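Q: Could you have a look at this structure, given as structure tokens, before my questions?
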Amino acid sequence: FHYSNSSACSHHTLIQIGARRRTTCTHHGMRLLTHNMLINPRKGMESAYPLKLFPTKVTKEEVKFNPAFVVNLIPKIDYKALLYAASCVGIKNLPAQLPQKIDATEHGDLLKTLHHALLEVHVEEGKLVCPKSDREFTIKQGIPNMRLNEDEV
């Protein structure tokens, strides 16, 4: 897959809020945090998790680090699924297991690594595949298409 390091996205929009003007990015790739929460929407496929990830284009976009936010995310993610997705995009520096209790001051380096994997790595192109049915869901311009065909509803 293609991995590029970009601090700016080509899809910027100028927003005017009152007297303040700012440029914001209106396009982001699928984050590994998003992958961690996706399932095949077809009935009976809820246990087919995680979806297999086949990225063809991955980008990195720097996001301001907030250790408290990452600490609060940890109980909500499936760490085994994150390890899998991280390996699919070439991230190899996550520990095999997380410590029982994670503290923002004591585990700063670990939180930065998790922050990078969950929030800064974006899958722009590729596909997700259900491990149970082999149904493919394409990822185009960072958006996973999870819509079912009529015969699948």
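The values are calculated or read from the model by the stated rules, or taken from the named source; none is laboratory data. Note that the structure is a prediction, hence the values are computed from the model and not measured. Glycine also receives a Cβ, built like all others from the backbone with ideal geometry; neighbour counts cover every protein chain displayed. Accessible surface areas use protein heavy atoms only, side chains included; no ligands, DNA or RNA. Shrake-Rupley method; radii C 1.70, N 1.55, O 1.52, S 1.80 Å.
Q: Per-residue HN-Hα couplings for region 38-43, Karplus 6.51 cos²θ - 1.76 cosθ + 1.60 at θ = phi - 60°, whole Hz, x for Gly and Pro?
A: Result, ordered by residue: 7, 9, 5, x, 5, 4 Hz.
Q: Please give the residues of region 56-73, grouped as numeric ranges, whose backbone N is less than 14 Å from a label point set 7 Å along the Cα-to-Cβ vector of Leu98.
A: It comes to 67-73, nothing else.
Q: List the lysines whose Cα sits under 23 Å from the Cα of Lys140, skipping any in the same chain fewer than 8 residues away.
A: Within the straight-line cut-off, Lys140 pairs with Lys52, Lys57, Lys60, Lys127, Lys132.
Q: Right, another one. What is the distance, in nm, between label points placed 7 Å from the Cα along the Cα-to-Cβ direction at Thr56 and at Ile39?
A: 2.9 nm
Q: Another question, if that's okay. Students sometimes get this wrong: rank Val89, Val71 by accessible area, probe 1.4 Å, all chains present, largest first.
A: Val71, Val89
Q: Could I ask something else about it? How long are the three semi-axes of the equivalent ellipsoid of region 47-117, in whole Å, if each is the root of 5 times an eigenvalue of the C-alpha gyration tensor, listed from largest down?
A: Taking √(5λ) for each Cα gyration eigenvalue gives 21, 16, 11 Å.
Q: Contour minus end-to-end for Glu106 and Lys76, with contour as 0.36 nm per residue of separation and end-to-end as the Cα-Cα distance?
A: Details: separation 30, 0.36 × 30 = 10.80 nm, distance 2.05 nm.
Between Glu106 and Lys76, full extension yields an extra 8.7 nm.
Q: How big is D for region 35-153, in µm² s⁻¹ as a whole number, if Stokes-Einstein is applied with the Kirkwood radius of its Cα pairs at 4 °C and 1.567 mPa s?
A: Here the translational diffusion coefficient equals 84 µm²/s.
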